[in-house]
1. So for the range 112-287, averaging the separation of alpha carbon pairs under 8 Å that are six or more residues apart and normalising by length, what relative contact order in percent results?
2. Quick one: grab the alpha carbon gyration tensor of the range 112-287, order the square roots of its eigenvalues as a ≥ b ≥ c, and give me rounded if a/c is under 1.5, else prolate or oblate depending on whether a/b is larger than b/c.
3. Which entries of Lys308/Lys387; Lys672/Lys713; Lys244/Lys320; Lys518/Lys617; Lys232/Lys253; Lys183/Lys271 have Cα-Cα distances beyond 19 Å here?
4. By how many nm would the segment from Glu257 to Asp92 lengthen if fully extended, with 0.36 nm per residue of separation less the alpha-carbon distance?
5. Using 0.36 nm per residue of separation minus the Cα-Cα distance, give me the extension gain between Ser270 and Tyr371 in nm, one decimal.
6. Given a Förster radius of 30 Å and the C-beta distance between Lys518 and Glu483 as r, what FRET efficiency does 1/(1 + (r/R0)^6) yield to the nearest 0.05?
7. What are the lysines whose alpha-carbon lies under 17 Å from the alpha-carbon of Lys414, with same-chain residues fewer than 8 places away excluded?
8. Length gain on complete extension for the stretch Asp218 to Lys672, per 0.36 nm per residue less the alpha carbon to alpha carbon distance?
Amino acid sequence: MCSPNFSSGMANEITLYSRVNTNEDTDQVHSIEIGQFPNIDEYSIKLCDADQSIFVSEVLAEIGITEELVEARRNTWLEIESMNTLHWRLQDENVTWYHFGSQSEGTTTFGLDSDVDILIAQNDNRIILNINEWKQCFVNLLVHKQEDTSPGYCKLLPMDSQEPILMAKVEDDEMYEQGEDGKVYLKCEFLQEHVYANSGEEIHGPAWSRMSTERSIDEDYVDAYYCSHLPKEAMDWIDRTNDKPWPKDDVRKRVIESGCFIVAVGHKQSKDVRTEFRMSTTLGERILMFDMNISQIQCLVLMKMLIKTIVNKQYTDAIKSFYCKTALFFVTEQYGKDMFRQDSILECTRKCLEWIYQCLKNGNNPHYMIYSLDMFEGRLDSNLREKVAECLKDIMDNPILAVLKIHFDDYGRKLYNRLRNSVNDISETKKSIRSKTGNFLSRAYVLWGLVEPSLYEDPWTIDRGRQIESNKEKLSRCELLHEQGDCFMQKATRRYILMLHANLGMLLAAESIQKNCKLSESVFRSLKEGTNADAVSGRLKYATILIRLGDITGASVLLKEVETAYNNLALESVCTCSGIVEYSPKTGLRDQTLTLLHTGKIYGHFCHCLIFVETLKPCFPNGWLDAIFRPMELDGQRSNTDDVMEYVSIDPLPYFYFVTLMLQKELNNPFKALTAFQMLEKCVSEEPLFHKDTALVLLSHSLEMDGKVEKAKIIYDEACCVRKRNTGFKSSHVRYNSKQV
């Protein structure tokens, strides 16, 4: 029996749990006597179930479970999916990136702190159910089930690439294995080879997990194959739901068309675990979740919090969150969506818990879409099922007292305060959770979404023509994906198309300038398009070229736009130069975030570093080359690469002040030039820069131009000391080796 028994009311102790950060990172339990929730029966009994449900719903909204915030979570993670898919497609990796689970469904809170579930679909292989689906010149894998294959699992038979016949003999014993029946099967280890467990990462079945230090959240990765068909066992679901109130025909159609994933993990009790794969209907389940109304979402979140607070505290991981979602599916199928309303949250939650309760009593927990698959198999013995069932019964007997015990997001205390004071104003709390959610999603957008393929496949090359062709090819591929993709892929490709225009425009400009040719209209068009790639970097690139061409007026206009952006917009700096995302938010985008995410304009508030390669030298005035491309000393050692420059990464803010300084000198405006120099000096000393080394070089060059050689040398030496080993220069040629200093 779960203790305490909620139905005993005032005699019980209500226990609240809170997460406390300690060196041992353990859960500490704080007990609060019921006297601190005085007269709770008085406040709850005088309310009918409908009123209690309304209060429960309002407090769920207070902690972020609203239509607006659920939709914002979903749309952000769907866009991040597309951004990552684009990232890999532009590197010739034929994969599709998916986010599943509570984060992408919007069924979590900050207190629940759900991890991020990532599935990477490998698209080079065709998974087929019938031999007549075979296609020539593809890697075709035929789904095969034996008599003893468990429901929801399968084997994969490799086929010949030139004719529709099965592979007759093992051609590669690392990939294939011959079964007792003589057939050749694909090993699941072959797909698992995509999974690498590095330091701090753990393998769990088909997934590998890690705690991302940069993102401060657990990540679970799974590699899978995609199959355009549902498993055959799911045909029963199609027949079963045909005349049910839910899901409706249009939703059923999309689920049927969603297919399934083939995941490299066999059934625990299978004798052929090396060649067995699980068939996952995750994509179809997401379609079903996205069809839920907000009351259903609140019901699911409430279930999760109850299970984690009460059941799983006693019986660790006995009831998984997926069981709660499955129960919601079955109950909705039986009663329809209309039953789920704000005034029926508690009753609906009780019905869902009752479904799990009956599963425990029956010893069978059927998968929603593959009904013959028992999710309890191999997990819970009869004795444990009985104890967990009693625990659930206590919750169902008095749900309002059970809900008051929830410690996540301080939910129980907030609900208690609402029960005591029904007119309590929660508008400020809702405003706060909107801002907090917006900042979390903007951070997720940056840290998960802005990992971009390099604009230069080989930044060390001096073959500008190759760089131009590479950027053009990427641009064409982006435009095709934009045309074929959904709204989320279109958002992702639109941003990257603008970045490619900025980059391509600069490369083409360098080509024309070196040949003493006039820049074509198409080059100017690309540079102008590129000004919208982010808040300032595209404009700084364009302004640099205009100064090189002598168009001081045009450059001044662009620099004024940059100044306005820094003064009037909430801007955040992002660095992707090292292959990982570095992000140090200063103020956050505050109340603008959700709107910017929704409109797809959030990238206009981020400032990316500028990367300049050797082939861009013609774009810079001659007097700038030492400031931009000056080689730096590495530990006082000279190398044999003195004459070879790689590339340089510069933060946009110090570069803006440097360009402004150079422009004002050109205009012979000493006062404004001095102001720009002072701002550059302040920026280098006070701003949290990603590339302080190159900013120091800009400052050193500015001092040298004013004849302050001794101070310039000191600043330059500091730049050599602080430079990052994984970015910037590796050439050890040092300009200040001369005897003049």
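1. Numbers: 334 pairs, mean separation 41.0, N = 176.
Rounded, it is 23 percent for the range 112-287.
2. Values: a/c = 1.81, a/b = 1.08, b/c = 1.68.
Note, shape of the range 112-287 comes out oblate.
3. Numbers: Lys308/Lys387 15 Å; Lys672/Lys713 25 Å; Lys244/Lys320 26 Å; Lys518/Lys617 17 Å; Lys232/Lys253 16 Å; Lys183/Lys271 16 Å.
Among Lys308/Lys387; Lys672/Lys713; Lys244/Lys320; Lys518/Lys617; Lys232/Lys253; Lys183/Lys271, the Cα-Cα distance tops 19 Å for Lys672/Lys713; Lys244/Lys320.
4. Values: separation 165, 0.36 × 165 = 59.40 nm, distance 2.66 nm.
That pair, Glu257 and Asp92, stretches by 56.7 nm at full extension.
5. Numbers: separation 101, 0.36 × 101 = 36.36 nm, distance 1.90 nm.
Computed gain between Ser270 and Tyr371 is 34.5 nm.
6. Numbers: r = 33 Å, r/R0 = 1.08.
The calculated FRET efficiency here is 0.40.
7. Leaving aside lysines fewer than 8 places away in the same chain, those within reach of Lys414 are Lys405, Lys430, Lys431.
8. On the way: separation 454, 0.36 × 454 = 163.44 nm, distance 4.94 nm.
Working it through step by step, the gained length comes to 158.5 nm.
Any read-out appearing in this document is the output of simple, stated calculations on the displayed coordinates, not a laboratory observation. Quantities reported herein were computed from a predicted structural model and do not represent experimental measurements. Neighbour counts are summed over all protein chains in view; Cβ atoms, including those assigned to glycine, are modelled from backbone coordinates with ideal geometry.
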